Amino acid sequence: MKSSRLTNSRLQIPRLQIARLIAVAFSVFCVTAVYAAQARPATTAKPAAAAAKASPESIANGETIYKRQCQMCHGATGVGDGPAAKNLKGKLPNLADKATMAKVKDEDIHEQIENGKKSEIGNMPAFKSKLKPEEIQDVINFVHTLAK
């Protein structure tokens, strides 16, 4: 009787160690999977629709998105006088100024809309999770119509 207990307890120890090892391996796998799902590769490709010409449909869609997502800070005409701009620590760039907008590349605007921008004035939120690249290009096309 003693020998059977001794044999069973000897078998239980390795099983317990194996179970712990499996639990640790599973935990490491889960943590790695979660991290990999959250990690995003650096975007080095140019915006998909950057070279596209501004169509009336694109401009109209851009205006709709601008009113919904941008107007609160940048204002209806793009001069930076939206109601939320009052909470900022300085003046936003004037999107309606032709000289100012001529100095800015579409790729730079796309980058700022997609990834946001932190500055001494305040933080512009990133819209990459809310807008598709084509929609960002539509907003850019609309913003160009503001510059006079």
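The values are calculated or read from the model by the stated rules, or taken from the named source; none is laboratory data. In this text, all values refer to a predicted model and were calculated from it rather than measured experimentally. Positions of Cβ are backbone-derived with ideal geometry, glycine not excepted, and every protein chain shown enters the neighbour counts.
Pairs under 9 Å by beta carbon, first residue farther than 14 Å from Thr100 by Cβ and in the same structural domain as Ile136 (by TED's automatic domain parsing) in the stretch 63-80, partner part of a helix (DSSP H, G or I) and charged (D, E, K, R), six or more apart or different chains?
Close Cβ pairs (under 9 Å, with a partner that is part of a helix (DSSP H, G or I) and charged (D, E, K, R)) amount to Glu63/Asp138; Thr64/Asp138; Ile65/Glu135; Ile65/Asp138; Tyr66/Asp138; Ala76/Lys67.
Only one of Thr77, Thr44, Thr64 is at pLDDT 95 or above, part of a loop (DSSP other than H, G, I, E, B) and β-branched (Val, Ile, Thr); which?
One residue alone meets the criteria, Thr77.
Taking the stretch 102-137, which residues are in a loop (DSSP other than H, G, I, E, B), of a type in the set (Lys, Arg) and either loosely packed, with under 12 Cβ neighbours inside 10 Å or without any contact (Cβ under 8 Å) to a residue 60 or more places away in the chain (or both)?
Lys103, Lys105, Lys128, Lys132
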